[in-house]
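The values are calculated or read from the model by the stated rules, or taken from the named source; none is laboratory data. Fair warning: this is a prediction, and the values are worked out from it, not measured in the lab. A quick note on method: Cβ atoms are made from the backbone with ideal geometry, for glycine too, and the neighbour counts reach across all protein chains shown.
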Amino acid sequence: MVMEDAEAPHHMLLLRNFMSQGLVHNQPLLYASPAIDPRGFLGTLPSPAASKDEKSHKHDPDQEKGLRIAWQYKKYFGESQLNFDGQRDGKHEYSNEFDLRKPLERHFLSAQRVDCVSIQDSPNLSALQDRSATFLSQYPRNDGSISCAGRIAIQSFSAPQCAYSNMEWDMLSFIRSLKSMVRSSNAVALITFPPSLLSPSFCKRWQHMADTLLSVKAIPDEDKELSQLLTGYQDMVGFLNVHKVARINTQVPVILDATTFSIKLQKRRFLVLECLNQAPVDGSSGTSYGTSGSCSGSSKTGNLDF
Amino acid sequence: MNQRSSNLLDEALGLDQSIEPWPLRGRIVAIEDQVETSGSFVLHHILKRSLSPNSSNVSIFIAFSQPFSHYDRVLRKLGCNLVTQRDNNRFFFFDMLMLQCPGGDEGISPECGLIALYGKIYKTIVALPEVSSKNVTIIIDDLSLMEVAANGSSDYVLDFMHYCRTLTTEFDCSLIALNHEDIYSSADRPTFLLQMEYLADILIKAEPLATGLASDVHGQLTVLNKGMNYRQGSSRNKISNFHFKVKENVVECFYPGSQG
């Protein structure tokens with residue numbers, strides 16, 4: 001689940017990547033949003049980025065040949081399931097990089113691959129629950145290998161324009177039910193929601209429900225303090241925070257080295273997440289990392305400064 | 001396995017003495033955790049102890065949170081085979097993942113699901129052989145999801161807990177329940193949480209450290225054991241506080257600063 005920031009729609013970047021990645025790898029998608037016509041959003045889904053190593057930049061239906069390995073998902077798929085092949089180097093590549101300026105090719109967006117649901121006018125969540133159940137029933141979890149996986153993307157689930165948005169317990173019931181269904185299927189669901197529109201207590205309930213919990217935050221332009229604290233501040237559009245990582249079949253918590261990442265748009269095309277790097281501290285000034293003051297400029301000296 | 005390291009939690013719960021009679025007999029244990037620090041490992045630990053081969057305990061697990069396969073895999077790594085225990089009628093698993101009480105306006109009381117659940121627990125206990133019926137541990141994971149199943153009727157959940165409490169007096173059952181403290185502390189009236197804390201004989205809180213998460217210390221536990229019985233026959237409240245690190249096969253508990 002992704003907690004949105006009302007100041008900037010960075011959750012849409014994550015949503016687009018999630019949706020494109022699934023479609024490009026033959027994972028059908030169920031997409032629900034508060035828009036009257038959710039299908040319109042599909043036109044903004046990015047296409048896989050061309051590999052840096054590719055010698056020719058021909059963009060044809062076989063462009064997937066240049067995709068780089070990002071994940072080891074390939075070992076879960078039979079060779080015949082992959083509808084693209086990175087014959088270069090004999091590797092099958094799983095795409096994790098997308099070009100936001102290049103829309104996803106239309107053949108990926110067919111009705112067979114993408115089912116869209118508008119949740120704006122639904123008086124309750126029964127219809128969405130039924131659609132989700134029908135969708136997930138196509139990807140039951142068996143003991144054998146995974147032959148096909150599905151993805152569910154629900155955007156701005158508790159948005160105020162949705163008729164059910166004041167039915168807090170019903171929304172919780174839906175999430176609980178969806179979680180159960182997803183757990184017993186070969187599918188993953190991504191839900192984004194605006195936490196500021198929920199009461200604090202319910203917001204906590206939602207957070208506990210999530211297997212993996214992320215939040216995105218906008219950062220202001222021209223923040224002098226931040227620009228002095230962080231390297232590459234001018235390229236950042238926001239922060240991504242990892243609050244919780246799924247612990248399925250284990251009781252051991254996942255402790256990450258870093259839980260906050262900067263969100264950058266490289267050349268305005270590529271979504272890049274990076275660990276934060278602090279700007280170098282001027283050692284002679286005696287300030288520590290804990291301070292938020294200027295690192296390089298002169299600062300007023302207090303009575304106890306040496 | 002580092003026998004000593006898990007003793008701080010066992011000590012706090014009175015489980016470091018003998019397993020028979022089960023030290024938690026007739027007692028209610030409330031476990032509270034937060035988003036940052038899960039307390040489910042305490043449930044797993046108590047379940048494992050209750051299913052010790054040296055005892056005749058029976059455990060009834062009411063699962064609102066995870067399917068059986070999750071607990072099976074977790075407990076296997078802790079050295080306890082839930083499938084075998086289930087086959088031997090020492091472990092009863094009630095899958096409540098899809099339980100959803102119907103809304104009130106359908107003319108069916110939301111209580112019906114929870115009443116049926118209580119009935120099922122009661123029938124399971126009375127069907128046990130005499131000696132086992134004296135050592136039953138009922139474990140609930142978790143209460144906040146029971147509220148969701150009851151469409152937000154916290155009163156019905158509390159009623160259910162009160163009914164289960166009668167089992168602790170009638171059958172000497174132990175009742176262990178997990179809940180999420182931060183849900184209620186951010187609410188206007190944290191009545192539900194306070195009621196559970198009042199009911200509990202042992203209150204266990206899992207919290208993050210003030211310094212945040214770390215790979216060698218996952219959090220801190222505070223255990224309030226009300227009326228703990230000591231060998232001399234006296235009883236008094238005991239508070240224990242220590243740090244913990246959760247591993248696949250054990251939970252390491254240690255006092256702050258003592259972990260090398």
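Observations
- Residues of the range A:7-36 satisfying the condition of being closer than 16 Å to residue A:162 by Cβ and surrounded by fewer than 19 Cβ atoms within 10 Å (Cβ to Cβ): A:35, A:36
- If the condition is being outside any loop (DSSP other than H, G, I, E, B) and more than 9 Å from chain A (Cβ to nearest Cβ), then the range B:46-70 contributes B:46, B:47, B:48, B:49, B:50, B:58, B:59, B:60, B:61, B:62, B:63, B:68.
For every residue, the table says whether it meets (1) farther than 23 Å from residue A:168 by Cβ; (2) at pLDDT 90 or above; (3) out of contact with any strand residue (DSSP E or B) (no Cβ under 9 Å at 6 or more places or on another chain).
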residue: B:129; (1), (2), (3): yes, no, yes
residue: B:133; (1), (2), (3): yes, no, no
residue: B:139; (1), (2), (3): yes, yes, no
residue: B:148; (1), (2), (3): no, yes, yes
residue: B:175; (1), (2), (3): yes, yes, no
residue: B:178; (1), (2), (3): no, yes, no
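- The test for being surrounded by 16 or more Cβ atoms within 10 Å (Cβ to Cβ) and either more than 14 Å from every other protein chain (Cβ to nearest Cβ) or among the polar types (S, T, N, Q) (or both) holds for residue A:139.
- Top-ranked residue in the range B:72-86 [being closer than 16 Å to residue B:40 by Cβ and in a loop (DSSP other than H, G, I, E, B); ranked as nearest to the other protein chains (Cβ to nearest Cβ)]: B:78
- Complete set of residues in the range A:107-130 that are at pLDDT 90 or above and closer than 29 Å to residue A:264 by Cβ: A:114
- Against the criterion of being on the phi < 0 side of the Ramachandran plot and buried (at least 20 other Cβ atoms within 10 Å of the Cβ), residue B:223 qualifies.
- Residue in the range B:88-106 that is more than 14 Å from chain A (Cβ to nearest Cβ), exposed (fewer than 14 other Cβ atoms within 10 Å of the Cβ) and modelled with pLDDT under 90 present: no
- Residues of the range B:1-26 classified as at pLDDT below 85 and not small (Gly, Ala, Ser), total: 11
- Checking residue B:196 against (1) under 25 Å from residue B:15 (Cα atoms); (2) within 14 Å of another protein chain (Cβ to nearest Cβ), the condition it does not meet: (2)
- Residue list for the range B:157-170, filter: touching a Leu at 6+ places or on another chain (Cβ under 9 Å) and under 13 Å from residue B:28 (Cα atoms): B:161, B:162, B:163, B:164, B:165, B:167, B:168
- Of all residues in the range A:191-205, those satisfying the criterion of being in a loop (DSSP other than H, G, I, E, B) and more than 11 Å from residue A:5 (Cβ to Cβ) are A:198, A:199.
- As a summary of the residue check, residue B:187 satisfies the conditions (1) part of a loop (DSSP other than H, G, I, E, B); (2) without any contact (Cβ under 8 Å) to a residue 40 or more places away in the chain; (3) under 24 Å from residue B:50 (Cα atoms) except for the one numbered (3).
- Of all the residues in the range B:140-157, those that are aliphatic (A, V, I, L, M) and touching a helix residue (DSSP H, G or I) at 6+ places or on another chain (Cβ under 6 Å) number 4.
- Pair list, Cβ < 7 Å and 6+ apart or interchain, from the range A:151-174 residues that are farther than 20 Å from residue A:15 by Cα to residues that are charged (D, E, K, R): A:163/A:121; A:164/A:170; A:172/A:205
- Of all residues in the range B:20-45, those that are crowded, with 20+ Cβ neighbours inside 10 Å, over 13 Å from the mean Cα position of the chain (by Cα) and more than 14 Å from every other protein chain (Cβ to nearest Cβ) total 1.
- Positions within the range B:160-184 being outside any helix (DSSP H, G or I) and either among the acidic types (Asp, Glu) or within 14 Å of chain A (Cβ to nearest Cβ) (or both), in sequence order: B:172, B:178, B:179, B:180
- Filtering the range B:209-224 to residues that are more than 10 Å from chain A (Cβ to nearest Cβ), assigned to a loop (DSSP other than H, G, I, E, B) and of a type outside the set (S, T, N, Q) leaves B:209, B:210.
- Within the range A:160-209, the set of residues being touching a strand residue (DSSP E or B) at 6+ places or on another chain (Cβ under 9 Å), within 9 Å of chain B (Cβ to nearest Cβ) and under 29 Å from residue A:27 (Cα atoms) comprises A:175, A:179, A:181, A:184, A:207, A:208.
- Residue match in the range B:150-159 (condition: assigned to a loop (DSSP other than H, G, I, E, B), more than 14 Å from every other protein chain (Cβ to nearest Cβ) and surrounded by 18 or more Cβ atoms within 10 Å (Cβ to Cβ)): no
- Figure legend. Inter-residue proximity from the range B:41-55: first residues more than 19 Å from residue B:142 (Cα to Cα), second residues assigned to a helix (DSSP H, G or I), beta-carbon distance below 6 Å, spacing 6+ or different chains. Indicated pairs: B:51/B:85.
- Residue match in the range B:18-28 (condition: of a type in the set (S, T, N, Q) and in contact with a strand residue (DSSP E or B) (Cβ under 6 Å, 6 or more places away or on another chain)): no
- Selected residue (only one of A:228, A:251 is in contact with a strand residue (DSSP E or B) (Cβ under 6 Å, 6 or more places away or on another chain) and over 16 Å from residue A:11 (Cα atoms)): A:251
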